[in-house]
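Read through the structure below, which is laid out as structure tokens, and then see the notes.
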Amino acid sequence: DNPPPTERAVTDIVPVPVEARPEPGTNFKLTAGSVIRAEHQAKDVAEYLGALLRPATGFPLPVVERFDRGKAGITLELGDAGKRVGDQGYQLTVARSGITLKANTTDGLFGGVQSLRQLFPAAINKTTVQHQDWIVSGGKVLDYPRFKQRGAMLDVARHFFKPDQVKRYIDQIAQYKVNTLHLHLTDDQGWRIEIKSWPRLAEIGGLTAVGGDPGGYYTQEQYKDIVNYAASRHITVIPEVDMPGHTNAAQASYGELNCDGKPVPPRTDIEVGYSSLCIGNPITYKFVEDVIRELAAMTPGKYIHVGGDEAHSTPPADYKTFYDKVTPMLATYDKKATGWHNIVVTNPPTSAIPQYWDTANANADVAAAAQRGNKILMSPANKAYLDMQYNKDSPLGLHWAGYVEVKDSYSWDPATFLQGVTESQLAGVEAPLWSETLRTSADIEYMAFPRLAGIAEIGWSPAATHNWDTYRVRLAKQGPIWAAQGINFYRSPQVDWK
Ligand SMILES: CC1=[NH+][C@H]2[C@@H](O1)O[C@H](CO)[C@@H](O)[C@@H]2O
């Protein structure tokens with residue numbers, strides 16, 4: 001019997017796998033009697049998979065430790081997936097008799113689940129029971145990432161997004177094997193994280209947002225909940241406190257953070273470069289250390305982002321003085337620094353990860369840092385910035401780095417983008433989404449999809465697979481998944497959406 005073609009074969013997975021071999025005669029049919037088998041350590045991933053599949057199928061899909069005779073279903077195995085797949089890869093086999101997913105870690109299993117879910121009909125993403133067959137496309141996949149770090153950034157400072165909105169975005173980016181979420185928590189227009197030793201930062205700094213829109217902030221409990229939710233999606237949160245510039249909200253909250261001792265007026269416009277902490281004032285470093293200490297206590301991840309961009313109101317010598325004092329603070333709290341690539345002029349420890357963004361000032365200093373041993377995180381604004389307008393008619397976004405259509409965003413290789421920075425000197429890629437012009441989840445989704453999927457593929461898939469003509473066909477097949485999930489994606493004319 002030749003079953004109807006499935007919507008997506010293993011070769012259609014985004015990010016495209018290292019090896020994927022369709023075997024159409026081996027499609028698997030999930031039924032009401034199917035089970036999910038997982039040994040103890042794989043239970044969380046198994047329950048996550050069950051939660052993905054139960055709503056639309058209406059099937060119980062119990063998670064069991066071993067198969068009862070004759071029961072078919074999905075097996076999650078930990079520990080013998082082979083060296084090639086490493087600690088983030090997996091092996092997936094879909095056969096008539098059942099589905100087997102193997103990985104050396106739960107991160108790998110979680111990534112494999114993201115691939116597996118794309119082999120179901122898009123209707124699997126519905127939240128109500130769909131009366132249809134659930135045919136999973138047959139084949140074999142062996143997969144692992146090109147770069148360790150594939151990230152997304154959400155600017156929650158220009159506009160505040162509630163915890164549930166952040167969690168929604170976490171679920172959306174997890175589908176593409178993104179494994180870090182950089183939260184831009186503070187800026188001129190808002191301070192979004194409760195700091196108990198400096199309460200007015202959130203109480204006052206959290207009141208404002210761009211354009212006078214509603215502000216808000218995360219209590220430490222809410223923030224920890226977001227961090228835990230991200231961890232349950234195998235995503236590490238990287239919190240950013242932008243400094244020594246982009247600090248107006250903090251300086252509007254505490255007069256002592258200003259050289260003249262007076263609080264500055266709140267700002268809700270979108271200018272950049274006008275603010276600076278008072279570098280010569282000792283209390284500045286007590287403030288920074290208190291913030292870093294409290295943030296480190298809420299950060300299971302190794303990295304804290306110390307900003308560093310557009311410090312146009314901080315004299316270069318002061319900028320260096322500032323980071324000479326601040327960067328060592330991270331080590332005190334057992335954290336490492338990441339920061340906008342401007343920090344390379346401060347000669348940070350080689351464990352620091354400079355985040356490349358500003359193509360106009362692609363200074364040789366970044367290459368010099370890479371030579372010294374710093375791993376560079378690539379997020380060039382004219383490729384990876386999800387807040388860039390697609391074209392001049394885009395209703396949302398900015399265009400200081402140019403208009404960035406879906407193809408533009410896909411058409412680059414991090415390993416050759418920067419003169420003097422080669423593949424082995426890269427930490428990975430990140431897709432920043434700045435929120436000057438965004439207010440709702442629908443706004444976030446319009447800018448992030450489809451381009452986030454492309455950046456995720458650039459971060460995960462082998463360079464040899466990188467090809468716009470084949471990618472755009474795979475991308476088109478993601479459309480029905482996003483429609484079923486209610487993602488408000490931009491239907492770029494460059495893609496023949498399914
Ligand atoms: C690192 C960096 N600093 C600037 C720049 O990126 O552009 C963003 C908008 O695209 C803006 O919001 C941000 O403050």
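Here are some notes:
- Per-region count, region 388-401, residues closer than 26 Å to VAL473 by Cβ and away from the ligand (no atom under 11 Å from the Cβ): 4
- Those residues of region 428-471 which are in a helix (DSSP H, G or I), crowded, with 22+ Cβ neighbours inside 10 Å and within 16 Å of the ligand (Cβ to nearest atom), in sequence order: ILE444, MET447, ALA448, ARG451, LEU452, ILE455
- Subset tally (residues that are assigned to a helix (DSSP H, G or I), touching a residue at least 60 places away in the same chain (Cβ under 8 Å), more than 19 Å from the chain's Cα centre (by Cα) and more than 9 Å from ALA122 (Cβ to Cβ)) for region 474-492: 1
- Contact map, region 23-49: first residue free of Cβ contacts under 8 Å to residues at least 12 places away in the same chain, second residue not polar (S, T, N, Q), Cβ cut-off under 8 Å, separation 6 or more or different chains; the map is empty.
- Test: residue in region 251-259 that is out of contact with any strand residue (DSSP E or B) (no Cβ under 9 Å at 6 or more places or on another chain), among the small types (Gly, Ala, Ser) and on the phi > 0 side of the Ramachandran plot: no
- Selection count, region 308-331, where residues are surrounded by fewer than 17 Cβ atoms within 10 Å (Cβ to Cβ) and free of Cβ contacts under 8 Å to residues at least 40 places away in the same chain: 7
- Scanning region 18-67 for residues that are in a helix (DSSP H, G or I) and of a type in the set (Gly, Ala, Ser) yields GLY25, ALA42, ALA46, GLY50, ALA51, ALA56.
- GLN389 vs. criteria in contact (Cβ under 8 Å) with a residue 60 or more places away in the chain, closer than 28 Å to ALA453 by Cα and among the polar types (S, T, N, Q): no
- So GLN389, is it modelled with pLDDT of 95 or more, surrounded by fewer than 23 Cβ atoms within 10 Å (Cβ to Cβ), of a type in the set (S, T, N, Q) and more than 23 Å from the chain's Cα centre (by Cα): no
- Flag set for VAL366, criterion: within 14 Å of the ligand (Cβ to nearest atom), touching a residue at least 12 places away in the same chain (Cβ under 8 Å), part of a helix (DSSP H, G or I) and aliphatic (A, V, I, L, M).
One line per residue, one yes/no per condition, for (1) more than 16 Å from the ligand (Cβ to nearest atom); (2) buried (at least 17 other Cβ atoms within 10 Å of the Cβ); (3) touching a residue at least 12 places away in the same chain (Cβ under 8 Å):
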site: TYR217; (1), (2), (3): yes, yes, yes
site: ALA230; (1), (2), (3): yes, yes, yes
site: VAL237; (1), (2), (3): yes, yes, yes
site: SER253; (1), (2), (3): yes, yes, yes
site: GLY261; (1), (2), (3): yes, no, no
site: ILE270; (1), (2), (3): no, no, yes
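- Set LEU201, LEU183: member being assigned to a helix (DSSP H, G or I), surrounded by 23 or more Cβ atoms within 10 Å (Cβ to Cβ) and touching a residue at least 40 places away in the same chain (Cβ under 8 Å): LEU201
The values are calculated or read from the model by the stated rules, or taken from the named source; none is laboratory data. What you see is a predicted model, and the numbers here were worked out from it, not measured in a lab. We place every Cβ from the backbone using ideal geometry, glycine too, and count neighbours over all the protein chains shown.
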